[in-house]
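The values are calculated or read from the model by the stated rules, or taken from the named source; none is laboratory data. Only a predicted model underlies this, so the values are computations on that prediction, with no experimental measurement involved. Please note: Cβ atoms are built from the backbone with ideal geometry, for glycine as well, and neighbour counts cover all protein chains shown.
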Amino acid sequence: MERHDVVHTIFLIVICYVGVTHQMPVQDGDASFVCDPSLDFENVRIKNAYIALQAWKGAILSDPHGVINNWVGSNVCNYTGVFCYESLDNPKERTVAGIDLNHQDLAGKLPEHLGLLYDLGIFHINSNRFCGTLPLSFLNFKILFELDLSNNRFAGNFPHFVLELPELKYLDIRFNEFEGELPQQLFNKNLDAILVNNNRFSSSLPENVGNSRASVIVLSNNKFSGCVPSSITKMTETLDELVLINNGFNSCLPETIGLLKNLSVLDLSYNRIKGELPSSIGEMTGLEVLNVAHNMLSGKIPESLCLLPNLDSFSYEFNFLVNQTNSCLKLAGFDDRRNCFKDRPEQRTRTQCGKYLSKPFNCSDFMCGQPLHESMDQDVIVKNAKKVSDIIVKTLAIDQEARIAI
């Protein structure tokens, strides 16, 4: 039996227990509640919802706006933030199809009982103060297509249960305390939006990022490092926004980035991206906003870049770029401060530019997209390891000089 089937079976047993005793067992400090024998439920789905919502009500410790004050009685469809609709498998029965408690400042935890809401299509609880880990019983949400847990205080590793939700299209877990690695399976799911910014995720990104069908991917303000995966250029048909602000990406940009002709927003600011802007970037005809500020880019800005037909904003301050065209200066939004441009105000000193630019490097040294295979000869592995070690030492030295220059 699969894990989610076991969870569902457990809940069915709980329902039977409640039907007999009219009282839900209490654990982990949750307040108990009594199911009034006189309550009349229109169907089993609504009764399940009542059990789940009363358990959740008992786990909410602060409700400054009185949102859940009317969570009383058997008509759960009248509860604030609860939305009912006819069930997909039986249109004659109503069921709880959506939860929307955004911006209510509620504090507490999410109980396992929420898994009884197995007809949920939308679960929105952003901008509250919910904390702890997420219930394993969320595995029951087999028709859930929008999950918004953003702006809360959830912690732990990436919630792997989302990988087993077959209909999920929109994932938003921004502004929480999740940590660890992002699983490769995340980018194999048919998601339209992946929003995981402002957490504590770390390590390098999986190379299969390019398998994603998402139109929006936002990974900002985490602790990612390593390469900007070259596979992102595979998302030519779907990707509209890619935002990687304020991480520790330390590589060159993929030479084939120009394949992303439908991309409208690309923000790579506040990383350690090096090398030159690829010439193919001037082929990104859909680009409207480009931000590569606060990196360690050098060389010339491709002439075709600032002539892109839809480009309105181009920020490239705090790099070591050496040449730009007048077309860049004519953009409505541009910022070229703290580079190495001649005859432009607020640039780096000649000494700062000379010291950094005198130490060129080869982008292939980063070995992006070239994992070490177990089948490699031992001597090759040793040589590659030494090469990587030399690159790290060299990069740290360049980074240190750049920081001093800044």
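Worth a mention:
- Those residues of the stretch 123-145 which are surrounded by fewer than 22 Cβ atoms within 10 Å (Cβ to Cβ) and not hydrophobic (A, V, I, L, M, F, W, C), in sequence order: HIS124, ASN126, SER127, ARG129, GLY132, THR133, PRO135, LYS142
- Selection count, the stretch 41-53, where residues are touching a strand residue (DSSP E or B) at 6+ places or on another chain (Cβ under 9 Å) and not acidic (Asp, Glu): 7
- Of the residues making up the stretch 284-334, those that are surrounded by fewer than 16 Cβ atoms within 10 Å (Cβ to Cβ) and touching a Lys or Arg at 6+ places or on another chain (Cβ under 8 Å) number 2.
- Residue in the stretch 209-221 that is part of a strand (DSSP E or B), assigned by TED's automatic domain parsing to the domain that holds PHE145 and closer than 24 Å to CYS340 by Cβ present: no
- Looking only at the stretch 88-122, residues that are under 15 Å from GLU167 (Cβ atoms) and touching a residue at least 24 places away in the same chain (Cβ under 8 Å) come to 9 in all.
- Within the stretch 283-312, the set of residues being in contact with a strand residue (DSSP E or B) (Cβ under 9 Å, 6 or more places away or on another chain), part of a helix (DSSP H, G or I) and more than 23 Å from PHE361 (Cβ to Cβ) comprises CYS306 only.
- Residues being out of contact with any Ser or Thr (no Cβ under 7 Å at 6 or more places or on another chain) and on the phi > 0 side of the Ramachandran plot are entirely absent from the stretch 224-247.
- Qualifying residue in the stretch 328-341 (condition: without any contact (Cβ under 8 Å) to a residue 24 or more places away in the chain, farther than 25 Å from LEU266 by Cα, part of a loop (DSSP other than H, G, I, E, B) and over 33 Å from the mean Cα position of the chain (by Cα)): no
- Subset of the stretch 241-258 (residues that are crowded, with 17+ Cβ neighbours inside 10 Å and not in a strand (DSSP E or B)): LEU244, ILE245, ASN246, ASN247, ASN250, SER251, LEU253, PRO254, ILE257, GLY258
- Of all residues in the stretch 88-112, those satisfying the criterion of being part of a loop (DSSP other than H, G, I, E, B) and of a type in the set (A, V, I, L, M) are LEU88, LEU101, LEU106, LEU110.
- Segments classed as strands (runs of 3 or more DSSP E), wholly inside the stretch 113-205, with at least 1 members that are charged (D, E, K, R): 129-132, 146-148, 153-157, 170-172, 177-180, 200-204
- Cβ pairs under 6 Å, 6+ apart, first in the stretch 136-149 and at positive phi, second modelled with pLDDT of 95 or more and buried (at least 21 other Cβ atoms within 10 Å of the Cβ): none
- Residue selection: ILE232 satisfies the criterion of being in a helix (DSSP H, G or I), closer than 21 Å to LEU163 by Cα and touching a helix residue (DSSP H, G or I) at 6+ places or on another chain (Cβ under 9 Å).
- Hey, GLU93 assigned by TED's automatic domain parsing to the domain that holds PRO111 and either out of contact with any His (no Cβ under 8 Å at 6 or more places or on another chain) or of a type in the set (Lys, Arg) (or both) or not: yes
- Selection from the stretch 60-87 of residues that are part of a strand (DSSP E or B) and either of a type in the set (S, T, N, Q) or touching a residue at least 12 places away in the same chain (Cβ under 8 Å) (or both): ILE60, LEU61, SER62, VAL82, PHE83, CYS84, TYR85
Condition check ((1) buried (at least 20 other Cβ atoms within 10 Å of the Cβ); (2) within 11 Å of the chain's Cα centre (by Cα); (3) of a type in the set (A, V, I, L, M, F, W, C)) across all residues:
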{"position": "ASN151", "(1), (2), (3)": "no, no, no"}
{"position": "PHE154", "(1), (2), (3)": "yes, no, yes"}
{"position": "PHE158", "(1), (2), (3)": "no, yes, yes"}
{"position": "LEU171", "(1), (2), (3)": "yes, yes, yes"}
{"position": "PHE178", "(1), (2), (3)": "yes, yes, yes"}
{"position": "GLU181", "(1), (2), (3)": "no, no, no"}
{"position": "VAL216", "(1), (2), (3)": "no, yes, yes"}
{"position": "ASN222", "(1), (2), (3)": "yes, yes, no"}
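- Selection within the stretch 302-316 - at pLDDT 95 or above and farther than 18 Å from VAL265 by Cβ: PRO302, SER304, LEU307
- Only one of the listed residues (SER225, SER280, SER269) is part of a strand (DSSP E or B), within 23 Å of PRO360 (Cα to Cα) and hydroxyl-bearing (Ser, Thr, Tyr). That residue is SER225.
- Applying a threshold of 6 Å to beta carbon distances and a minimum spacing of six or more residues, or different chains, the list of pairs starting in the stretch 150-172 at a residue that is closer than 14 Å to THR133 by Cα and ending at one that is surrounded by fewer than 19 Cβ atoms within 10 Å (Cβ to Cβ) and acidic (Asp, Glu) reads ALA155/GLU177.
- Pairs, first among the charged types (D, E, K, R) in the stretch 200-212, second surrounded by 16 or more Cβ atoms within 10 Å (Cβ to Cβ) and assigned to a loop (DSSP other than H, G, I, E, B), C-beta under 6 Å, six or more apart: GLU207/PRO229
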